[in-house]
Amino acid sequence: MQINLTLSLKENYPDSIFGSIIIRNVPNMKGHGTVEDQKRILERIIREEYVEVDKDEMIHYYNTYFRMWSKTYPIEYQINTIKNGGKFPQVSVLVDCMFIAELTNRILTSGHDLDEIQGDLIFDVSQGGEQYVKLNGQEQELKQNNVVLKDNEGILASILYGPARRTAITLKTKKALYFAWCPHLLNEELVRSHLNTIFQNLSSLFKPVTSEIQITHS
């Protein structure tokens, strides 16, 4: 599977970097005791040890992008929710392990069922007016210059609004594809380390798990 960047994306986001990891041999399930224990540990760390979000450099990094559309990085909201007594939702092991890594490293991540992707992938910027169905089933219209990911059937994710429903990870997923979205300059080793966090979370549950990391630059 090829992952490419369009000229328009390179011109609008010349320092962008996108990391991907394919993880195979992962029979998804609704929940797992080890994952639930990891959630409780991370919740405690966020409540007791995490710095305030306005001092978090990674959250500042993403808000540089989100504030161009008068929005706030959603991980900021999720961390504040946990600090105020909220808990991790339980979706499935493949989604929850991604979410644990996302909140640990604060790097924006999307998860997809690899078998539902059609053809090669391409990162692009929206022209404005394109539409796709989000995870919640609602149709979303895009504004101009939002970073998006496409396959042969159309948009399957955007930075502002998240993944499309048609490639969502479900309990039938056996091969998962995760993306780290970094629209501005970010150290490649941080991206690799984040993707490896997802792999480590899953490889502790499923054996043998295989993975394949790819880094794509503007």
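Here, each number is a calculation from the coordinates, and none is a lab measurement. Predicted model only: the values in this text are computed from it and were never measured. Backbone-built Cβ (ideal geometry, glycine too); neighbour counts: all protein chains shown.
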Number of the exception - residue 147 against (1) surrounded by fewer than 19 Cβ atoms within 10 Å (Cβ to Cβ); (2) out of contact with any Gly (no Cβ under 9 Å at 6 or more places or on another chain): (1)
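The rows are residues; the columns are (1) surrounded by 19 or more Cβ atoms within 10 Å (Cβ to Cβ); (2) hydroxyl-bearing (Ser, Thr, Tyr); (3) part of a strand (DSSP E or B); (4) out of contact with any Pro (no Cβ under 6 Å at 6 or more places or on another chain).
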{"position": "119", "(1), (2), (3), (4)": "no, no, no, yes"}
{"position": "127", "(1), (2), (3), (4)": "no, no, no, yes"}
{"position": "133", "(1), (2), (3), (4)": "no, no, yes, yes"}
{"position": "136", "(1), (2), (3), (4)": "no, no, no, yes"}
{"position": "140", "(1), (2), (3), (4)": "no, no, yes, yes"}
{"position": "171", "(1), (2), (3), (4)": "no, no, no, yes"}
{"position": "186", "(1), (2), (3), (4)": "yes, no, no, yes"}
{"position": "192", "(1), (2), (3), (4)": "no, no, no, yes"}
Tell me which residues, restricted to region 93-116, are out of contact with any helix residue (DSSP H, G or I) (no Cβ under 6 Å at 6 or more places or on another chain) and among the β-branched types (Val, Ile, Thr). 95, 104
Failed item in (1) among the β-branched types (Val, Ile, Thr); (2) in contact (Cβ under 8 Å) with a residue 24 or more places away in the chain; (3) over 22 Å from residue 15 (Cβ atoms), with residue 81 passing the rest: (2)
